[in-house]
Structure formats: structure tokens, C-alpha cells
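Have a look at the structure below before the remarks.
The values are calculated or read from the model by the stated rules, or taken from the named source; none is laboratory data. In this text, all values refer to a predicted model and were calculated from it rather than measured experimentally. Using ideal geometry, Cβ is built from the backbone for each residue, glycine included, and neighbour counts are taken over all protein chains shown. To get the accessible areas, we keep the full protein, side chains included, count just its heavy atoms, and leave off ligands, DNA and RNA. Shrake-Rupley method; radii C 1.70, N 1.55, O 1.52, S 1.80 Å.
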Amino acid sequence: MSTPAPVVRTAPITTDTVEAYRGTFAASDPALAAGDPLPAAWEGVFFPFAVPLADLRPDGTPARDGVVPEIDLPRRMYAGETTEFLRPIRLGDEVVQTTSLGSVVDKTGSRGRLTFVDIVREYAVAGEVAVRSVWHDVFLEAADPDAPARAPRPDPSIAAEGEWVEELTPDARQLFRFSALTFNTHLIHYDRAWARDVEGLPDLLVHGPLTRILLMDAARRHTPERVPARLDVRAIAPVLVDRPLRLVGHTAPDGIRVTAVDADDVVLATADITWA
């Protein structure tokens, strides 16, 4: 398989987009103005998907985006990322995003074939890379309706020993807005019949790219004096709409870990943030 050429796009960091995200997911944060630093991870709200309708897979995810090869597995999920914050991006900046293909690894798990694909994105301002991000996506076989559900593994110590906890309940309005902001047409986020009957989930899935920002936002609010240098996210279990979600902070030797847990203390995702 030949490696495709990088896809390069240019866009301004606009106040309108920042306000659309803030007003939906971070309303307690102060409004930002031109010249202010863009909060870490909010670069993920910019550069929405740009794929014609004819180039979408049946599940609404891109089949042909010029970067990721066509994968013959029907389901696609965000599995995590490693992102480096090298210098600030500011409101009003003109940003050049370069997207390229990283590793592609085929594996076989307990439920069949999987393909892990790394997508590398660099965000540059005035020729200097400000953010370098490697997202890990996984492609999976069709959900088996007869397969037994994985037994959840609650860990009550996460919330009990946390230094702080934020509580929220993402709803369908917020999922719709995030899909609109990022032009994300993955049916799993807004079509309940698809989520349940095809993907085998109890309800709509909260976007992994949204969860990553929520985790980073929580860390930023509780440590406003610190500057993040790196974000490592691991998606572990589905974050579902209309379910209470707790974001729990624990100080680490060189940063902070934020863990997303549900009402039953099941760990859904982790974010390890390293300070500059």
C-alpha cells in the first residue's frame, strides 16, 4: 500500500467557532477575544470533515478522505490520541493543518478482525508547528447481536480518591451541535436506531473527539496556572448520551490524570496531561 500525500488545509481561528463550542460545552468559561490563546484541545473543533456525500461509508464516516485508505471493516471508532502542544494558537491566527497517514496495523481480537489506523495532524502558525496530534482510530467487524455484553469493571476508588470531580450529563442537543461544528456525519451520534440495531449500543455515543476536549477542559479549569505540553487519551468504554458522567482529577508526578467514570464507577476514558 502506497502512502498518500499529506492533505493541507488553511483556516482562521474564528471567534464564532470558539463561541459556538464555549456556549455549548464550557459556558462557565470567560468569553475569548482576538489575540487570546485558544484553549488546549480546542483546535479539534476547527477543520471540520470535508468529504463529499458520495465518499462516506454507510455509517457516515469518511471512506475516501485522501488520507486513510479504504478499510473493509464496517465500523469505525476513536480509540485515543497523543497530542503535543508546542506553542500557542491564538484567536485570529491563520492556521495551516497538515494531515498525513501514520501506521496501519491489522490485528485479531476476541471479537474478530480489527485495523488500527493512526492519523497525524500538525497545526502550524507562521510556518511554526503549534500542535502535533496523532489520533488512533480503530475499524471493527459488524456488531454481533448474539454476543454477550462485556461485564463492566467498576472501580469506586477512582471517584473516592479524586482531588476534584466535575459532573455533567451530555444530551442529544449537545451531540447534534458538536456534529454540526465538526461536520461529523457518523450515524452513531444522532441516529438511535443505528446506534442500537447496527452498532449494538444502548443509546447514542458521545463523540470521542468531544470527550477528549471535555477531559482537557476539566484539567484546565482546576489548574489554570499550568500550561499543558502533552495530552494522552485512551478511550476504554462507550460514553453514552443522557448518562451522568464524572470527570475525576488526580495529580500525577509531572501532570494530572483525568478519568471519565459513569454512575456505576465504570472507567470510560482517561486523559494524562503533562505540564510544560
Report the far tail of the P(r) of the chain, meaning the percent of Cα-Cα pairs longer than 33 Å. 19 percent
All other residues with a Cβ under 15 Å from the Cβ of VAL258 taken together, and with Lys, Arg as +1 and Asp, Glu as -1, what is their net charge? -3
With a 10 Å cut-off between alpha carbons and a GNM built on the chain, which of GLY112, GLY162, GLY66 moves the most? GLY112
Given 16 as the ceiling on other Cβ atoms within 10 Å, longest exposed-site-free region of the chain for GluC sites (Glu not before Pro) in DSSP loops: 71-140
Amide H neighbours of ALA229 at under 5 Å, excluding residues fewer than 5 places away on the same chain, with H built from the backbone geometry, are THR274, TRP275, ALA276
Where the accessible area of the chain is counted over protein heavy atoms with a 1.4 Å probe, how much of it, in %, is carbon and sulfur? 55 percent
The rounded separation in angstrom of the Cα centers of the stretch 1-70 and the stretch 197-254 is 18 Å
Shape call, the stretch 116-243: gyration tensor on alpha carbons, a/c limit 1.5: oblate
Solvent-accessible ranking of SER157, SER28, SER179, largest area first, probe 1.4 Å: SER28, SER157, SER179
Report, by chain and number, residues whose modeled amide H sits under 5 Å from the one on ALA63, excluding near sequence neighbours (fewer than 5 apart, same chain). LEU56, ARG57
Pick out, in residue order, every one of the trypsin sites (Lys or Arg not before Pro) in the stretch 1-96 that is DSSP loop and has at most 15 other C-beta atoms within 10 Å; say none if there are none. ARG64
For the chain, dividing by residue count, accessible area per residue (probe 1.4 Å) in Å² works out to 49 Å²
Cα-based Rg of the stretch 1-106 normalised by 2.2 N^0.38 Å, two decimals: 1.26
Dipole of the chain [Lys/Arg +1, Asp/Glu -1 at C-beta], most positive-end residue of GLY102, LEU214, GLY80: GLY102
For VAL267, net neighbour charge (Lys/Arg +1, Asp/Glu -1) across residues whose Cβ lies under 9 Å away: -2
In terms of the charge dipole of the stretch 116-171, which places +1 on Lys and Arg and -1 on Asp and Glu at the beta carbon, the residue among LEU140, SER157, PHE116 farthest towards the positive end is PHE116
So how strong a dipole does the chain carry about its Cα centre when Lys and Arg Cβ are +1 and Asp and Glu Cβ are -1, to the nearest 20 debye? 200 debye
The stretch 126-169: C-alpha gyration tensor shape, a/c 1.5 cut-off, then a/b vs b/c: oblate
Starting from the Cα gyration tensor of the stretch 33-80, multiply each eigenvalue by 5, take the square root, and state the resulting semi-axes largest first in whole Å. 29, 13, 9
Which one of VAL258, VAL266, VAL233 has the biggest mean-square fluctuation once the chain is modelled by GNM with Cα springs under 10 Å? VAL266
Determine the shape class of the stretch 87-163: with a ≥ b ≥ c the square roots of the Cα gyration tensor eigenvalues, call it rounded for a/c under 1.5, and otherwise prolate if a/b is greater than b/c, oblate otherwise. oblate
Within a Gaussian network of the chain (alpha carbon springs, distance under 10 Å), most fluctuating of ASP146, ASP155, ASP203: ASP146
